[in-house]
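Have a look at the structure below, then the notes.
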Amino acid sequence: MRAVYLDHAATTPVDPRVRRAMEPYLKSEYGNPSSLHRWGRRARMAIDAARETVAAALNADPAEICFVSSGTESCNLAVIGCALKAPPHRRHILVSAVEHHCVLHAAEWLVPFGYTVEQIPVDRYGQVDPDAVRARLRDETWLVSVMHANNEIGTLQTVEAIARLCKECGVWFHVDAVQTFGLLPVDVQAIGCDLLSVSAHKIYGPKGVGALYVRAMTPLQPLMVGGGQERDRRAGTENVAGIVGFAEAVKVAREMLPTEAERQTALRDQFIQAVLDAVPDAFLTGHPTERLPGNAHFRFTGVPADSLLIALDRAGIAASSGAACSAGSLEPSHVLLALGWHETAAQEGIRFTLGRDTTWDDLAYTVEVLRQEVARIRATRSPARPTAGGRVVSQRTPLR
Ligand code: PLP
């Protein structure tokens, strides 16, 4: 059967160059980087080199990079770790309504400890208006967290403007860049953030490794305690092979970035237009242009996402609904609800995310399967199929 993987925002395969770079650290180079002997020193040198690679890619100082176990841990450490340093009169936290659950749940985790968490609404494309942030900043605000790009609908945020606002008001600013790092330029100086999260497995690196950029002087309470690893910011013996693999993935991604972002953007636009032309009552979700290069998200009115995902899977196509971690649950997507969609509509969102190996041939096949399966599911559901009831979710957007 044909296999078309269009779920690269959930995860990516490990690049062979990454696998090769990791291999010695899974075989002969097994030293503990905290050990003083030569095995340990070699492992330490590998981590130091990886730290320099990740720091250079972010335009940061190596000392500002803290390796962690995942994008989730990175966001947890940023939100909870920074919030725990807030004085009692500064326990107000702002997060955008479309953040990944690793930010939203981290912020909610703080509430029983006396913190107030407020969500910043988004517009119908999923963008945060910096004025909406300004309107919610108070004397008590300690931390703002807004993602660089949304993992579901791909919308990019104007994080630079929000960073400027936070700086003016003396508020710490965290950016979840898990979906942009390696795909688009991510420069912590240009953005002006204090904390920024990245993850390896979204960029053809291994699962279970990520990093948090921590600008010098940013307050941060470690969440893992024990040894003094990662400059006392994250205790625990480092995942040496994972960190080495992450750095190799970063190198490859940096080389490919300029051409690959352009290639994926062109393919994505062609795919979006083809789907809108081929499938009746199909709507593009998110911003028509300010979106991740490889993200195409649609609503097919009257077609529950889970039914369509199963039909696509039978045809060998991997797509997704909602965030990868919550796929499988029938909960409507919090991101789509935040756009103002009603509950039924929010269960009809489907995400396709392109990768380095995606070809037009794969996408043309997907368009054809979608055309057939959307019609079949609609026909089996009811003759009185609901049309775009409730609020209009997004306009059919002509793309160039
Ligand atoms: N933040 C965003 C925007 C994501 O898309 C993800 C993963 O889907 C994460 C954080 C969590 O990253 P990880 O899977 O490395 O824990």
Only one residue in E255, E248, E262, E238 is charged (D, E, K, R), in a helix (DSSP H, G or I) and buried (at least 19 other Cβ atoms within 10 Å of the Cβ), so which one is that? E248
Look at W109 and say whether it is assigned by TED's automatic domain parsing to the domain that holds V171, over 20 Å from A149 (Cα atoms) and within 16 Å of the ligand (Cβ to nearest atom). yes
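Taking the options C75, C82, C66, name whichever one is touching an Asp or Glu at 6+ places or on another chain (Cβ under 7 Å) and under 30 Å from A135 (Cβ atoms).
Exactly one of C75, C82, C66 is touching an Asp or Glu at 6+ places or on another chain (Cβ under 7 Å) and under 30 Å from A135 (Cβ atoms), namely C75.
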Restricting attention to segment 130-153, does a residue exist that is open to solvent by less than 10 Å² (accessible area, probe 1.4 Å), more than 10 Å from the ligand (Cβ to nearest atom) and not aliphatic (A, V, I, L, M)? yes
Would you be able to tell me the number of residues in segment 193-213 that are more than 18 Å from D7 (Cα to Cα), of a type outside the set (A, V, I, L, M, F, W, C) and open to solvent by less than 10 Å² (accessible area, probe 1.4 Å)? 3
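For segment 72-87, check the following and say yes or no: at least one residue is under 17 Å from the mean Cα position of the chain (by Cα) and not in a helix (DSSP H, G or I).
Looking for residues that are under 17 Å from the mean Cα position of the chain (by Cα) and not in a helix (DSSP H, G or I), one finds none in segment 72-87, hence no.
Residues that are touching a helix residue (DSSP H, G or I) at 6+ places or on another chain (Cβ under 9 Å), assigned by TED's automatic domain parsing to the domain that holds L104 and free of Cβ contacts under 8 Å to residues at least 12 places away in the same chain: list the strands (runs of 3 or more DSSP E) wholly contained in segment 268-374 that include at least 3 such residues.
Fully inside segment 268-374 and qualifying: nothing.
The values are calculated or read from the model by the stated rules, or taken from the named source; none is laboratory data. Computed from a predicted structure; not experimentally measured. Cβ coordinates were reconstructed from backbone atoms using ideal geometry, including for glycine residues, and neighbour counts include every protein chain displayed. All accessible areas refer to the heavy atoms of the entire protein, side chains included, with ligands and DNA or RNA removed. Shrake-Rupley method; radii C 1.70, N 1.55, O 1.52, S 1.80 Å.
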